[in-house]
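Got a structure here, written out as structure tokens. Questions coming.
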Amino acid sequence: MRQTVVLITGAAGEIGHALIRRIAEQGVEILTLDLQALPPELEQLVAQHFTGSILDEELLDRILARYEVHTVFHLAALLSTRSEFTPITAHQVNVEGTIRLLRFAQAQGLSHGHTVRFFYPSSIAAYGLPDLATKAAAGQVREEDWGRPITMYGINKLYCEQLGRYFQWHYKQLDAEPQTRRIDFRGIRFPGLISAETVPSGGTSDFVPEMIHAAAQGQPYACFVREDARIPFMTMPDAVDAIFALMEADPTRLRKNVYNIAAFNPSAAEVRDIVTHHFPGAEIRFEPDLKRQAIVDSWPAAVDDSAAREDWSFAPHHDLEAAFRAYLLPRIRQRYSP
Ligand code: AKB
């Protein structure tokens, strides 16, 4: 008998850190896969960690042979800024990697006979607004609109959303024995995420978490976007709650494969103001990098997440004020206290 497990790819990343702890609390056996080793405090929570690439077919075959995977959280990806420096590698990791995981999940479903629930973290990067006037006029953007991303990462995310939908509903649709519905593909278009425990790297929404963590450590921070730059954000605990809510939702309630969510959308200056209020000595200056700024300008200022609220009761706990008061300040102060 093979052991029944949950598989998390990209487990050493920011979402992986938070997700492993929460899944482990439920007493579920976890397998993780990442290019990096897991930190010891996380490694002790998982049944087995594989240090390796999602592109390694042999490794995926070994996992298939030994484990029954009923749920996949496919978090591995190169983020938006890093992907612009190495777009072909980004395509390999983000697209080729995802199609291999989808094929792996399909093979798992065929092998054990259950539908595999597949979580995919998409992003506001899947949007592309052509200019600031359009961004201002667009307001809260719906999932169906403005799907013209300007980054390799955004293009990868948008395409992989479609791949997931294809695998679930249309895979090998002309075969004598159709192979659809072996995968139940569920995705979230995340806004920028803010964690008290980890600092992101390689993303373009990183200016907010970087600003907060720098202030908490008493370090000066040069913000790479303008003061008026505005995109949606949420806290990591709310992001993880949302992943669980979506993954546990009754499939008959889900009208979409991929949903927008967000909790607040301050300008960079508004974040600076709240950070300097809580860390009065914080030194924050604005030195926009026009190229990264252009990417942020192409992302929506706000998203319409009404479908997530209606279909699976998405309801974040933290608005901007609560994010600082109830989550970031206590955890970050503890983290950086001597
Ligand atoms: C990034 O900045 O690349 C990510 C994202 C918005 O998906 N944080």
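The values are calculated or read from the model by the stated rules, or taken from the named source; none is laboratory data. Since the model is a prediction, treat every value here as computed from it, not as a measurement. So basically every Cβ, Gly included, is an ideal-geometry build from the backbone, and we count neighbours across all protein chains shown. Surface accessibility is based on the protein's heavy atoms, side chains included, excluding ligands, DNA and RNA. Shrake-Rupley method; radii C 1.70, N 1.55, O 1.52, S 1.80 Å.
Do any trypsin sites (Lys or Arg not before Pro) in region 232-286 lie in a DSSP loop with no more than 10 other beta carbon atoms within 10 Å, and if so, which? Mind dumping the intermediate values first?
On the way: sites: Arg253, Arg255, Lys256, Arg272, Arg285; in loops: Arg255, Lys256.
In loop regions of region 232-286 (DSSP not H, G, I, E or B), the sparsely surrounded trypsin sites (Lys or Arg not before Pro) are Arg255.
Got the relative contact order for region 10-151 handy, in percent, Cα pairs under 8 Å and 6 or more residues apart? Intermediate values should be presented prior to the final figure.
Values: 159 pairs, mean separation 28.3, N = 142.
The normalised contact order for region 10-151 reaches 20 percent.
Follow-up question, since we're still on this one. For Glu29, what accessible area in Å² do you get when you roll a 1.4 Å probe over the heavy atoms of the protein chains, rounding to the nearest 10?
Accessible area, nearest 10 Å²: 80 Å².
Here is a further query. Quote the FRET efficiency, to the nearest 0.05, computed for Ala37 versus Glu144 with a Förster distance R0 of 35 Å and r equal to the Cβ-Cβ distance. Don't jump to the answer; show the numbers that get you there.
Working: r = 41 Å, r/R0 = 1.16.
It comes to 0.30.
To the nearest 10 degrees, how steeply does helix 268-278 sit against the main Cα axis of the chain, on a 0 to 90 scale?
So the inclination is approximately 70 degrees.
Determine the per residue accessible area of the chain with all protein chains present and a 1.4 angstrom probe, expressed in square angstrom. Spell out each step's value before the answer.
Values: 14800 Å² over 338 residues.
Ligands and nucleic acids excluded, the figure is 44 Å² per residue.
Could you give the angle, 0 to 90 degrees to the nearest 10, between helix 152-169's Cα long axis and the longest principal axis of the Cα atoms of the chain?
30 degrees
Could I have the simple spin-label model distance between Ala315 and Phe244, label points 7 Å from Cα toward Cβ, reported in nm to one decimal?
Taking the two extended label points, one gets 1.5 nm.
Still on this structure, I have one more. Counting C-alpha atoms alone, how compact is region 1-65: give Rg to one decimal and Dmax as a whole number, in angstrom.
Just the Cα atoms of region 1-65 yield Rg and Dmax of 11.3, 33 Å.
As an exercise, identify the chymotrypsin sites (Phe, Trp or Tyr not before Pro) in region 7-102 lying in DSSP coil whose Cβ has no more than 15 other Cβ atoms within 10 Å. Working shown, then result.
Details: sites: Phe50, Tyr67, Phe73, Phe85; in loops: none.
Sparse-neighbourhood loop chymotrypsin sites (Phe, Trp or Tyr not before Pro): none present.
Grab the Cα-Cα distance for Met1 and Ala222, subtract it from 0.36 nm times how many residues apart they are, and report the gain in nm with one decimal. List each step's numbers first, then the result.
Values: separation 221, 0.36 × 221 = 79.56 nm, distance 5.52 nm.
Additional length available on full extension: 74.0 nm.
If you don't mind, another one. Given a 1.4 angstrom probe, I'd like the percentage of the accessible area of region 119-185 that is carbon and sulfur, rounded to a whole number.
Details: 1760 of 3410 Å².
With neighbouring chains kept in place, the figure for region 119-185 is 52 percent.
Using the Cα atoms of region 225-338, I'd like the radius of gyration and the largest Cα-Cα distance, Dmax, both in angstrom.
Considering region 225-338 through its Cα atoms, Rg and Dmax are 16.6, 52 Å.
Something else: Can you give me the angle between helix 236-248 and the longest principal axis of the chain, using Cα atoms only, in degrees from 0 to 90, rounded to the nearest 10?
Approximately 30 degrees, to the nearest 10.
Starting from the Cα of Lys256, draw a straight line to each of the aspartates and glutamates and keep only those under 18 Å, dropping any in the same chain fewer than 8 residues away.
Answer for Lys256, where 18 Å is the Cα cut-off: Glu143, Glu144, Asp145, Glu161, Asp184, Glu248, Asp304, Asp305, Glu310, Asp311, listed by chain and number.
Compute the Rg/Rh shape ratio of region 165-205: radius of gyration over Kirkwood radius, all on alpha-carbon atoms.
Working: Rg = 17.7 Å, Rh = 13.4 Å.
Radius of gyration relative to Kirkwood radius: 1.31.
Expressed in nm², what is the orientationally averaged projection area of the convex hull enclosing the Cα positions of region 151-273? Show your work: numbers first, answer last.
On the way: hull surface 38.5 nm².
The number I arrive at for region 151-273 is 9.6 nm².
Per q in 0.11, 0.12 Å⁻¹, report the Debye log10 I(q)/I(0) for the chain, using one uniform scatterer on each alpha carbon and no solvent.
-0.71, -0.85
Follow-up question, since we're still on this one. Check which residues have an amide H placed less than 5 Å from Val303's amide H, if you skip close sequence neighbours.
Val141
Could you give the length gained on full extension between Asp175 and Ser306, defined as 0.36 nm per residue of separation minus the Cα-Cα distance, in nm? Walk me through the numbers before you get to the answer.
Values: separation 131, 0.36 × 131 = 47.16 nm, distance 3.72 nm.
Computed gain between Asp175 and Ser306 is 43.4 nm.
Only bridges with both residues in the chain count here: give the DSSP antiparallel percent, nearest 5. Walk me through the intermediate numbers first.
Details: 2 of 39 bridges.
Beta bridges within the chain, antiparallel portion: roughly 5 percent.
Given just the C-alpha atoms of region 11-117, how large is their convex hull per residue in cubic angstrom?
On the way: hull volume 10.8 nm³, N = 107.
Per-residue hull volume (Cα only) is 101 Å³.
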